[in-house]
1. Percent of alpha carbon pairs in the chain separated by more than 36 Å?
2. Quick check on packing: order 202-212, 16-26, 158-168, 239-249 by the mean number of other C-beta atoms within 10 Å, highest mean leading.
3. What list of ³J(HN,Hα) values in whole Hz, one per residue of segment 71-87 in order, does the Karplus curve 6.51 cos²θ - 1.76 cosθ + 1.60 (θ = phi - 60°) give from phi, with Gly and Pro shown as x?
4. For the chain, what % of the accessible area comes from carbon and sulfur atoms, probe 1.4 Å?
5. Can you run phi through the Karplus equation (6.51, -1.76, 1.60; θ = phi - 60°) for segment 163-173 and list ³J(HN,Hα) in whole Hz, with x for Gly and Pro?
6. Classify segment 90-149: rounded, prolate or oblate, from the alpha-carbon gyration tensor (a ≥ b ≥ c, eigenvalue square roots; a/c under 1.5 rounded; otherwise prolate if a/b is larger than b/c)?
7. Mind ranking 34-44, 184-194, 105-115, 308-318 by how tightly packed they are, going by the mean number of other C-beta atoms within 10 angstrom, highest first?
8. Could you tell me the extents of segment 206-290's C-alpha atoms along the three principal axes, largest first, rounded to whole Å?
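The values are calculated or read from the model by the stated rules, or taken from the named source; none is laboratory data. Being a predicted model, the structure only gives us computed values, none of them experimental. Cβ placement follows ideal geometry from the backbone for every residue including glycine, while neighbour counts extend to all protein chains displayed. In case anyone asks, the SASA skips ligands and DNA or RNA and just uses the protein heavy atoms, side chains included. Shrake-Rupley method; radii C 1.70, N 1.55, O 1.52, S 1.80 Å.
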Amino acid sequence: RPYARNIENYIGLARVPVGIAGPLRVNGTFAAGEYFVPLATTEAALVASYNRGMRVIRSAGGAGAAVLDERIERTPAFVVADLAAAVRFAAWVRDAVPMLRAAAERTSRHAQCLSLTPVVEGNHVYLVCAYRTGEAAGQNMATIATAALCAAICSESPVAIRTHVVEANLSGDKKAAFRTLAGTRGKRVSADVTVPRSVVREQLHTTPEALASFWSLAAVGAALSGAIGIAGHFANGLAALAIATGGDAACVAESAVGITRYDVDAAGDLYACVTLPNVLTATVGGGTALPTQRAALDILAAGGPFDANALAEITAGLLLAGELSIAGALCAGEFTSAQQRLARGTVQC
């Protein structure tokens, strides 16, 4: 019964072990406190690595964090007769925004339609529909709102519409996309920390200069690979946190697009930051009400102010911790030995 709204043809559960890392000190706009972070994974050494990065951040006084923007998008597309009709249709949509916004927002008490932007390609018109969705990640909410908006367009448009679809693959939903690296889908969030040289040496066993040099090397490697963004392993933390807390794990495909950066500041300390344009976080909806996932969210909520924006800032702090730990291990020559000790041995952390 608890799973009836979350799955079809139910046959049982896939048991993924959950570990705890932390506390993670976050000095954010929405999250302000020390948070223990549940992580669901079958990959040995992962929780230990994030735990070490969190210890580094605590020793540095905590990570700054801020949600910079938030919006979830659906991008329906409309087929009309020709380019001239597409231009007329796009102009009409721009004039009809108040009516279309009202149609979308009638579908939910929580959906707020932020903008409607037509994009013309020949006789195709894509419509970028951006929403705020409160404490929900909002993908389903945005879909339902957009369907109502499309119905209003088909009913009222002075330009004949041959066909339309509610999502035409421009939104970046569940895929890495250059468009969302510079924009926002979900929550655009950043976190940073300045780590004293002594802490880098004592806890990461390397130097700020070595980490900055590693970043340059890794940035070129990312470019050579054709990667969208520059990061070490965002997907690990995102997937583990999503599975533990009831988020949509498939959204890791887009949320893992982002930037990690290391610099040496004027005092010789390490400045580290992460920027994530597409983090999808939720405290309601989806799998968040399931028993295990609700318990994990309750653990997070015990650490300080907590809502979907706070969860986004905690997520950024988590990924910053993971980036510091893995980069430190690579610079110190400890990456392989840690894998051998934790993944192949019997040591418990």
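1. Value for the chain: 28 percent of Cα pairs lie more than 36 Å apart.
2. 239-249, 16-26, 202-212, 158-168
3. With coefficients 6.51, -1.76 and 1.60, one gets 5, 10, 10, 10, 10, x, 9, 10, 9, 10, 5, 7, 4, 4, 5, 4, 5 Hz.
4. Values: 8660 of 15680 Å².
The nonpolar share, carbon plus sulfur, comes to 55 percent.
5. After applying 6.51 cos²θ - 1.76 cosθ + 1.60, I find 6, 8, 10, 6, 8, 10, 6, 8, 6, x, 4 Hz.
6. prolate
7. So the peptides 34-44, 184-194, 105-115, 308-318, ranked by packing, come out 308-318, 184-194, 34-44, 105-115.
8. 47, 30, 20
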